[in-house]
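Inspection log for the structure reproduced underneath, given as structure tokens.
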Amino acid sequence: SIINKSILAPPKILFPIMRSIIYLLMRISYKRYKDNNDYSIIYYVQLFVNVIWIIISFKFKLLLLSLLWIILLDILIIILLIEFYKKNKLCRYLNISYLIWNLFATYLMFDIYLFIKLNFLCLIFFI
């Protein structure tokens, strides 16, 4: 698994646990927010981008695309938090863990990408 290449990667068992908690919090916050659905489209867009990132990263293992895609997801989550804050501050607070977890995943993807690129450069220059 590509995620195990980073020194700071948490144990594999933590991923489904954290994802479940985060998705639960996202669902609760969206349900509370839904009364003011001016910006509900951003919720669905970031959710779609999130699902596609998982496919790009873990099924196809396209590291550079995965890194760029998760940065897009980070931006969408920040926009989502801003919109939630404008309408319902509790919804924003419920999603802060989502942003933190995703930023950590972004760090891991960047770390993995650099690790693989540096190993590739070492092979080219030192063989």
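Close Cβ contacts (under 6 Å, 6 or more residues apart or on different chains) running from residues in segment 104-127 that are aromatic (Phe, Trp, Tyr) to residues that are open to solvent by 90 Å² or more (accessible area, probe 1.4 Å) comprise Phe115/Lys5. Of the helices (runs of 4 or more DSSP H) lying entirely inside segment 28-127, those carrying at least 2 residues that are closer than 20 Å to Pro10 by Cβ and more than 19 Å from the chain's Cα centre (by Cα) are 89-126. When Ile42, Ile28, Ile112, Ile21 are checked against the criterion of being among the β-branched types (Val, Ile, Thr), surrounded by 13 or more Cβ atoms within 10 Å (Cβ to Cβ) and modelled with pLDDT of 95 or more, a single residue qualifies: Ile21.
The values are calculated or read from the model by the stated rules, or taken from the named source; none is laboratory data. All values reported here derive from a predicted model rather than from experimental measurement. Using ideal geometry, Cβ is built from the backbone for each residue, glycine included, and neighbour counts are taken over all protein chains shown. Heads up: the accessible areas ignore ligands, DNA and RNA and are worked out on the full protein's heavy atoms, side chains in. Shrake-Rupley method; radii C 1.70, N 1.55, O 1.52, S 1.80 Å.
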